[in-house]
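Since every read-out is calculated from the coordinates, none of them should be taken as a lab result. Fair warning: this is a prediction, and the values are worked out from it, not measured in the lab. No Cβ is skipped: glycine too gets one built from the backbone with ideal geometry, and neighbour counts run over all protein chains shown.
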Amino acid sequence: MKSIFLTLLSLGLLTACSASRSAYTLGGEWDVVNLNGTAITPDSTNTPWLGFNLNEGQIYGYTGCNQLNGGLDAKALFDGKASFDRIAMTQRLCPDSRYEKLLIETLGKVTGVKTDKKQIKLLDKEGKEIMTLKKR
């Protein structure tokens, strides 16, 4: 009985560590380095980026012109699914913004996620990679 309890406890600890690793992997801020096939070289002023606050269930970021924020389903993210809602943006006029329109359109098509410690790949409903994020 004692060995069964210890085995179950060990499995529980491994599961908890695995969830923590997932939270670490997904949480924080990420530069957009590929947007629907367009490579983006990060710079200090115009690079779009996204952030994930998993404790608060929020997505936030910068489009290359405007700030954005909204909600996300953290549990779905851990399961490889992406669900963003209530996306709102500031309304600065940036006629020369290279990425904003494409970023917003692409973000609206995201339904899945693959991740490792260095990149997040956001996928469309067919499983095609449509956005790549690199840890800032």
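Quick notes on this structure:
- Each of 25, 38, 45 was scored by other Cβ atoms within 10 Å of its Cβ. Listed from fewest to most, they are 45, 38, 25.
- A straight line joining the Cα centroids of region 45-63 and region 77-97 runs 8 Å.
- Cβ-based net charge around residue 124, under 14 Å, with every Lys or Arg adding one and every Asp or Glu removing one: +3
- The residues neighbouring residue 73, those whose beta-carbon lies less than 11 Å from its own, together hold a net charge of 0 under the Lys/Arg +1, Asp/Glu -1 convention.
- Likely footprinting exposure, 35, 123, fewest C-beta neighbours within 10 Å first: 123, 35
- Partners for residue 121 among aspartates and glutamates (Cα-Cα distance below 13 Å; same-chain residues under 8 apart left out): 31, 129
- What the phi angles of region 29-37 give under the Karplus curve with 6.51, -1.76 and 1.60, with θ = phi - 60°, is a coupling list of 10, 9, 6, 7, 10, 8, 10, 6, x Hz, glycine and proline written as x.
- Residue 75-residue 101 FRET efficiency (beta carbon distance; Förster radius 22 Å; 0.05 resolution): 0.15
- Local electrostatic count, residue 64, Cβ distance below 12 Å [Lys/Arg +1, Asp/Glu -1]: -1
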